[in-house]
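The values are calculated or read from the model by the stated rules, or taken from the named source; none is laboratory data. From a predicted model like this one, the values you see are computed outputs, not experimental measurements. All Cβ positions, glycine included, derive from the backbone under ideal geometry; neighbour counts span all protein chains shown. With ligands, DNA and RNA removed, areas are computed over all heavy atoms of the protein, side chains included. Shrake-Rupley method; radii C 1.70, N 1.55, O 1.52, S 1.80 Å.
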Amino acid sequence: AVLASESAAAFAALAAAVDAVDLGRAEAGSEVDLLSIIAAVESADGGAAALNARVRAVLAAWLEKAAVDAVEDRADDPAFARGIASLLLPRGNAPGALRAATVAYLGYAEAKGESDADAIDALAAVAAARALAGQMDGAARDYGRALATAEAHLGAESAEACAVRRGYALVLDDLGRHGAAESLHRRNVAVLGRQGRRFAAEAAEARGLLGRSVAAQGRLEEAEDVLASAVGDLERLQGPEHASTTLAVTALAGVVDALGRSSEAAVLLTRLVLTHERALGLDHPTTLGALADLGGALAREGRWADAGSVLRRVHDVHRR
């Protein structure tokens, strides 16, 4: 009921509060009660961190359902629906995001026309939600429609076209159509590069994505040059913990390893593991994936003891 009468920002505020829930910081009317609460939290299966995760997941599921219900109640408010889609996508709620984005697109298309910037953006959100749900062919179709409309009505070098082009290329890469993805990435590199310093970070990210597409086609030396340049710029412009930076570092490490320089790959992956551990924690799947990659690189380098130690860390976390 609250969400039905508030903006998407209200959902964002509630979602942030849910994500920050920490039962270890509970308050009570007396010290005895507080100690009892803390003891119960710490003795829960998996400890305080696991209990917090379970409570947050339950609250988040309730909150996200309420947000989608609010979208249905306000089907004539595409801006609200688009805001909810933007918030559900990074939370991994593909069905909710797809429903919200679809409502937003239909609303904008009816009110403003399919060639309006808001309608194009909403259609791209539909495509992103389909990709999140694993509907890759549908995502490619919707991204293709959105890109053609954006280029025809907003201009091939518009910010909207660049954003759609990026998403479309990522989907094509996932579909194994790396040549088509490379062409789109190259277009973004050229367009963003002409925008000057204001879009330097976006241009660097586009180069990193281009390097991944080139590597996927087996052109490893070329990919290494592109990725090394992108990593340097991304670390300077976005910082080492930014998702674009870590993605490019991961790709560069894979290319260097494939070129037979496992020791260099291990250095890159060690730095990456430390970055992920600092930002996400040791138990996060992204950190564990980087650790597994590091273990493989160390093994190929012949450092069997070090590789075993790293891979045991991954195993121990999974076992817990």
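Couple of notes before you dig in:
- Restricting attention to the stretch 243-256, the residues being touching a residue at least 40 places away in the same chain (Cβ under 8 Å) and either open to solvent by 50 Å² or more (accessible area, probe 1.4 Å) or over 19 Å from ARG271 (Cα atoms) (or both) number 1.
- Residue in the stretch 247-270 that is part of a helix (DSSP H, G or I), under 30 Å from ASP45 (Cβ atoms), modelled with pLDDT under 95 and under 24 Å from the mean Cα position of the chain (by Cα) present: no
- Test: GLU235 is open to solvent by 40 Å² or more (accessible area, probe 1.4 Å), over 21 Å from the mean Cα position of the chain (by Cα) and of a type in the set (Asp, Glu): no
- Residue-level check: of (1) surrounded by 15 or more Cβ atoms within 10 Å (Cβ to Cβ); (2) at pLDDT below 95; (3) among the small types (Gly, Ala, Ser), SER309 misses just (1).
- Residues of the stretch 86-126 classified as under 19 Å from the mean Cα position of the chain (by Cα) and within 20 Å of PHE11 (Cα to Cα), total: 18
- Filter pass, LEU172 being part of a helix (DSSP H, G or I) and under 26 Å from ALA265 (Cα atoms): no
- All positions within the stretch 278-295 that are in contact (Cβ under 8 Å) with a residue 24 or more places away in the chain and open to solvent by less than 20 Å² (accessible area, probe 1.4 Å): LEU288, ALA290, LEU294
- Boolean, ALA40 is under 24 Å from the mean Cα position of the chain (by Cα), closer than 30 Å to LEU282 by Cβ and not aromatic (Phe, Trp, Tyr): no
- The condition of being among the aliphatic types (A, V, I, L, M) and within 13 Å of THR102 (Cα to Cα) holds for ALA122.
- When the stretch 29-51 is filtered for residues that are modelled with pLDDT of 85 or more and either open to solvent by less than 70 Å² (accessible area, probe 1.4 Å) or small (Gly, Ala, Ser) (or both), the ones remaining, listed by number, are GLY29, SER30, SER36.
- Looking across ARG141, ARG165, one residue alone is within 26 Å of ALA251 (Cα to Cα) and not aliphatic (A, V, I, L, M). It is ARG165.
- Residue count for the stretch 246-304, restricted to those that are under 18 Å from VAL226 (Cα atoms) and in contact with a His (Cβ under 9 Å, 6 or more places away or on another chain): 1
- The residues of the stretch 37-96 that are touching a residue at least 60 places away in the same chain (Cβ under 8 Å) and of a type in the set (S, T, N, Q) amount to a single one, SER86.
- Subset of the stretch 203-242 (residues that are outside any helix (DSSP H, G or I), touching a residue at least 24 places away in the same chain (Cβ under 8 Å) and farther than 26 Å from GLU157 by Cα): GLN217, PRO240, GLU241
- Options ALA146, ALA140, ALA127, ALA150: the member that is under 27 Å from VAL189 (Cβ atoms), part of a helix (DSSP H, G or I), open to solvent by less than 60 Å² (accessible area, probe 1.4 Å) and touching a residue at least 40 places away in the same chain (Cβ under 8 Å): ALA127
- Matching residues, the stretch 56-88, being of a type in the set (Val, Ile, Thr) and surrounded by fewer than 15 Cβ atoms within 10 Å (Cβ to Cβ): VAL58
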